[in-house]
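The values are calculated or read from the model by the stated rules, or taken from the named source; none is laboratory data. Computed from a predicted structure; not experimentally measured. Every residue, glycine among them, receives a Cβ derived from its backbone with ideal geometry; neighbour counts consider all protein chains shown.
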Amino acid sequence: MSNEIEIGRGKRGRRAFSFDDVAVVPSRRTRDPEEVSVGWQIDAYHFDLPVLAAPMDSVVSPATAVALGQLGGVGVLDLEGLWTRYEDPEPLLEEIAQLEDAGATARMQELYGAPIQPELITQRLKEVRAAGVTVAGALSPQRTKEFSQVVVDAGVDLFLIRGTTVSAEHVSGRAEPLNLKRFIYELDVPVVVGGAATYSAALHLMRTGAAGVLVGFGGGAAHTTRVSLGIHAPMATAVADVAAARRDYLDESGGRYVHVIADGGVGRSGDLVKAIGCGADAVMLGAALARASEAPGRGWHWGPEAHHPQLPRGERVHVGTAGTLQEIFFGPGRTADGSLNLIGALKRAMATTGYSDVKEFQRVEVVVSPYQPR
């Protein structure tokens, strides 16, 4: 059944849905929330929470990566951020938080123009490893060749190649593109790649040997990709499409399971619920964790797109402070806006609809029910 809509006589478009357009539906069974499991495992690494913290300087520092690991999630360090460009970035993070809106982008471009120092990559990753938690770091596709060996030598457990979009068939006439399949094969650690927002793009990434695929395309709170490039991928449809690619690749490969991680548009607890309901194994959180009192952004949030030297596709946004990391994950909630007790909300939603773990909850019934949040 086609859900294409005629835009004009010469163009048709497929109807796609965001998380605000869908909702999960109760079933005939309910459970006790205390008997629900939200843990997940990728490769040899098990996590109590289906959450990765986005590799953004406003979200993850070495200290918050450790705190997130101790809470049961995983903090992913941006290995091209201020922490790998400056010995002490704290004064610069404070400066970014104090910038006037009019000059914020230009000043951030200056700060992020400093060179990446390989020895700082090693130092930051070792700081996390010393705490005994899972070590995860991210590079963009453009920097992966240059710094990947440094990252692996430093002892990373999970390696992420993260960009606005990452394809298995990048075409360039200026330089030899990264051969993802060969790169992943030669690496000794599990690799998660993305973003991808379509069935075919995700299937091609899965065929490279990736352990996980990040689903999204510039859909986070700090992105302006839709207004600057005219590109947008509504997340409910994108996650469901990539979950279908995972299912088909499971058959094609004879049983190899690739994890689907929703990356973008998951700002509140209800979005987390619906991301997993649409087929995600876990989510990557940015703004939701930038609201933590421990977050290095000090109530502000931005991603690497906000300081791109030629074409910024994001901005620094004020998200405020909602509570501690402990409160954001486990409560108690003091407001009804979905910013606190994310895991409690997920467990309650799973229990209310009768599911006992994340894999089961991916089969929950979903309805199209457009909703405009206040």
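Numerical summary
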| quantity | calculated |
| --- | --- |
| Residue in region 266-279 that is touching a helix residue (DSSP H, G or I) at 6+ places or on another chain (Cβ under 9 Å), crowded, with 24+ Cβ neighbours inside 10 Å and in a strand (DSSP E or B) present | no |
| Ala104 being touching a Lys or Arg at 6+ places or on another chain (Cβ under 7 Å), of a type outside the set (Val, Ile, Thr) and within 20 Å of His301 (Cα to Cα) | yes |
| Among residues of region 281-313, those that are out of contact with any Pro (no Cβ under 8 Å at 6 or more places or on another chain) and within 30 Å of Ala244 (Cβ to Cβ), counted | 9 |
| Close pairs from region 122-139: first under 14 Å from Val76 (Cα atoms), partner of a type in the set (Asp, Glu) and in a strand (DSSP E or B), Cβ under 9 Å, at least 6 apart | Gly137/Asp78; Ala138/Asp78; Leu139/Asp78 |
| Checklist (1) assigned to a loop (DSSP other than H, G, I, E, B); (2) modelled with pLDDT of 95 or more; (3) among the polar types (S, T, N, Q) applied to Gln41, failing item | (1) |
| Whichever residue in region 304-313 is in contact with a Leu (Cβ under 9 Å, 6 or more places away or on another chain) and in a loop (DSSP other than H, G, I, E, B) and, among such residues, is nearest to Gly195 (Cα to Cα) | Arg313 |
| Residues located in region 90-121, provided they are free of Cβ contacts under 8 Å to residues at least 60 places away in the same chain, in contact with a helix residue (DSSP H, G or I) (Cβ under 8 Å, 6 or more places away or on another chain) and either crowded, with 21+ Cβ neighbours inside 10 Å or within 22 Å of Gly75 (Cβ to Cβ) (or both) | Leu92, Ile116, Gln117, Pro118, Leu120, Ile121 |
| Hits in region 317-367 (condition: modelled with pLDDT of 95 or more, surrounded by fewer than 16 Cβ atoms within 10 Å (Cβ to Cβ) and hydrophobic (A, V, I, L, M, F, W, C)) | Val367 |
| Only one of Gln109, Gln70 that is at pLDDT 95 or above, part of a helix (DSSP H, G or I) and touching a His at 6+ places or on another chain (Cβ under 9 Å) | Gln109 |
| Selected residue (only one of Ala202, Ala210, Ala196 is within 13 Å of the chain's Cα centre (by Cα) and modelled with pLDDT of 75 or more) | Ala196 |
